Amino acid sequence: MTLRAHILGAAAGGGLPQWNCGCENCNLARKGKIPSQTQSSLAVSANGTDWAILNASPDIRQQLAQTTCLHPVGLRTLPLRSVLVTNGDIDHVAGLLTLREMQPFSLFATGAIHDVLSQNTIFDALNPSVVDRQTIATGQSFDLAPGLSATLFPVPGKVPLYLEGDDVKTDLIGDQTVGVQLIAGDSNAYYIPGCAVLNDDLRSRMDGADAVFFDGTLWRDDEMVRAKLGKKTGKRMGHLSMSGPDGSLAAFANLKIGRKIFVHMNNTNPVLRPTSAEKAEAEAAGWTIGQDGMEITL
Ligand code: MLT
Ligand code: MN
Ligand code: ZN
């Protein structure tokens, strides 16, 4: 058994280009000058035949069409065994609505995330007689697919945007935002597409891993403000940035990790331009900038 991870979507919510955005990157992507990227999702397998999808993005229909290993192998027989969602954000759950049509799979999430789904009755389109919703506590190991086990752990984050009240705590530690440890045979990887703060607990957890797929939302915290696209900083959105003294490049610098791969990049992030200085800086620090269709075998 060896872990195979296939990036279905490397972008954050909105994708690249985002429908309403006229920023430099979105315009370049529309012109075909830089690669477009779909929204946040990772497919994983231990045997290459049974797959789990981590986060169901609004682009899942296109992602499945483009990914041969997930195509039907019979009339209504799929390699897809399960879907796991790491928070209730729209970019991670809206794709569940595409997965209706009486197709059996297991849907894994924490209790808090399942509560969000069950309070939104549109998700009842996933018929409970075929889609088995399993509540997973943090720290509890379970099987995502044959030979592929997973454990969820809390990651500092916030409630989904559509559930925010007046007073928003952006680095809550609980089960509304989780990371996933993946184990297949001797391979050990982490998937953390959203992280507000990289604390010592997370750093020591990940140290020594074969691979980490990590929140690459923004290059700098005030990137969207500087681009005049909005008022929100990365911190306000519950995302740690790549650069700067508190950024992920610095925070990972002393960890021993086999492969470090950024996922969940916002469309403003300069690392999405193949020739940018920021991409070169991230690569010099040992990072790979995830791309749609990229496959990593451990
Ligand atoms: C995020 O990652 O911050 C969210 O996906 C934002 C959103 O809901 O659009
Ligand atoms: Mn997101
Ligand atoms: Zn844009």
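The values are calculated or read from the model by the stated rules, or taken from the named source; none is laboratory data. In this text the structure is predicted, and so the values were computed from the model without any measurement. Cβ coordinates were reconstructed from backbone atoms using ideal geometry, including for glycine residues, and neighbour counts include every protein chain displayed. The accessibility values were calculated without ligands, DNA or RNA, using every heavy atom of the protein model including side chains. Shrake-Rupley method; radii C 1.70, N 1.55, O 1.52, S 1.80 Å.
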Check your understanding: Once the piece of chain linking residue 20 and residue 118 is laid out straight, how much longer is it, given 0.36 nm per residue of separation minus the C-alpha distance between them?
Key -> 32.3 nm
Revision key, fill the gap. One would report the antiparallel percent of DSSP beta bridges in the chain, rounded to the nearest 5, as 50 percent
Review point. For the chain, with every protein chain kept in place, what is the accessible area per residue (1.4 Å probe, Å²)?
Key: 43 Å²
Point to revise | Difference of contour (0.36 nm per residue) and Cα-Cα distance, residue 168 to residue 135 | key: 9.3 nm
Exercise for review: Could you sort out which of 31/232; 231/260; 169/232; 31/231 sit more than 25 Å apart by Cα distance in this structure?
Suggested key: 31/232; 231/260; 31/231
Exercise for review: Identify all aspartates and glutamates with a Cα-Cα distance to residue 235 below 13 Å; exclude those on the same chain that are fewer than 8 residues away in sequence.
Suggested key: 171, 215, 221, 222, 223, 246
Check your understanding: In debye, nearest 20: dipole of the chain around its Cα centre with unit charges on the Cβ of K, R (+) and D, E (-)?
Key -> 720 debye
Study note, to complete from the structure: Taking the chain and counting helices only, DSSP H stretches of n ≥ 4 at -39,500 (n - 2.57) each over all residues, the nearest-500 ellipticity at 222 nm comes to -4000 deg cm²/dmol
Check your understanding: Within the chain, what's the longest stretch lacking GluC sites (Glu not before Pro) that sit in DSSP loops with no more than 16 other Cβ atoms inside 10 Å?
Key -> 165-298
Point to revise | Whole-percent carbon and sulfur share, accessible surface of the stretch 4-290, 1.4 Å | key: 50 percent
